[in-house]
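To keep things clear, I will list the structure first and then write my remarks on it.
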Amino acid sequence: MGRRSTSTAAIALAAALLLPGCASELVEFKRVTGELSAALMRKEAQDHFARKGHPIQGRLECEPNIGKPADLVVECIGVTHADGEARFVGSIDRDRLAHQEPGDASLPGEYLGTVDGEEVFRMNCFSCRPQAPSA
């Protein structure tokens, strides 16, 4: 299993386990899971900004927002080569992630990238396989 698949599997497991429990343990669990999610999504977000004509200087600074009740949310900021303010917010859909097929390295959720407040990209999945059009 590749590095990316292993990371995605870890996020899927974490997402499936985000159930009501001891509050302090849940907060710590979400923090660790969020940090893993931030590390995994950083590269994907940077690639999407670049593909849309807004390459990032250095790298995006990403961190989890564990204040959301049950979501795995990552927020990133950075600066484009044209000195624009890049922002990315990603919310992983833990239910869809938990029910993925083995070996599926996609990250379903809601993802938004902006530069200077203008939407650059919006997606509902990172690294998802193209769906065949329905007949």
*Here are Ala70, Ala38: which of them is touching a Lys or Arg at 6+ places or on another chain (Cβ under 9 Å) and at pLDDT below 90?*
Ala70
*What residue, among those in the stretch 76-135 that are assigned to a loop (DSSP other than H, G, I, E, B) and under 11 Å from the mean Cα position of the chain (by Cα), is modelled with the lowest pLDDT?*
Ser127
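The values are calculated or read from the model by the stated rules, or taken from the named source; none is laboratory data. If you're wondering where the values come from, they're calculated on a predicted model, not measured in any experiment. Here Cβ is always computed from backbone atoms with ideal geometry, including for glycine, and neighbour counts include all displayed protein chains.
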